[in-house]
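Take a look at this one; I'll ask things after.
The values are calculated or read from the model by the stated rules, or taken from the named source; none is laboratory data. Bear in mind that the values here come from a model prediction, so they are computed numbers and not experimental data. Positions of Cβ are generated from backbone atoms using ideal geometry, with glycine treated the same way; all protein chains shown enter the neighbour counts.
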Amino acid sequence: MICGYYFEVIKWVDAYGVGSSWYEINDFSISNHYCFSVGWVVKENEESIVICPHISPENDEIESNRNGCGEMTIPKSAIVSRKKLKVSKK
């Protein structure tokens, strides 16, 4: 855990499609599109989770002026699984 955050890999189901051409409706297929995202869990409530793959500073003792880049909000209704990952302090 760094700065109170957990590092997780999250498997979630996403929407996909939006074809660029017209197709016969009978030819449409249906299947789920799964994504995997990895990052620090920086915010969480009953509906969503925010992960961020890049945070600074590295010093665990500093609790102010933390920055993050590449954050993503995932609705909890889309999450299939979550797994905390061990982080080495080296």
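List the number of the failed condition for Asn26; all other conditions in (1) at pLDDT 90 or above; (2) assigned to a strand (DSSP E or B) hold.
Just one mismatch for Asn26, condition (2).
Now a separate question. Looking at Val18 and the list (1) of a type in the set (A, V, I, L, M); (2) at pLDDT below 85; (3) touching an Asp or Glu at 6+ places or on another chain (Cβ under 7 Å), which single condition is not satisfied?
Against the list (1) of a type in the set (A, V, I, L, M); (2) at pLDDT below 85; (3) touching an Asp or Glu at 6+ places or on another chain (Cβ under 7 Å), Val18 comes up short only on (3).
Quick one: is Ile55 loosely packed, with under 12 Cβ neighbours inside 10 Å, modelled with pLDDT under 90 and either within 24 Å of Ser88 (Cβ to Cβ) or small (Gly, Ala, Ser) (or both)?
Here the answer is no, as Ile55 does not meet what is asked.
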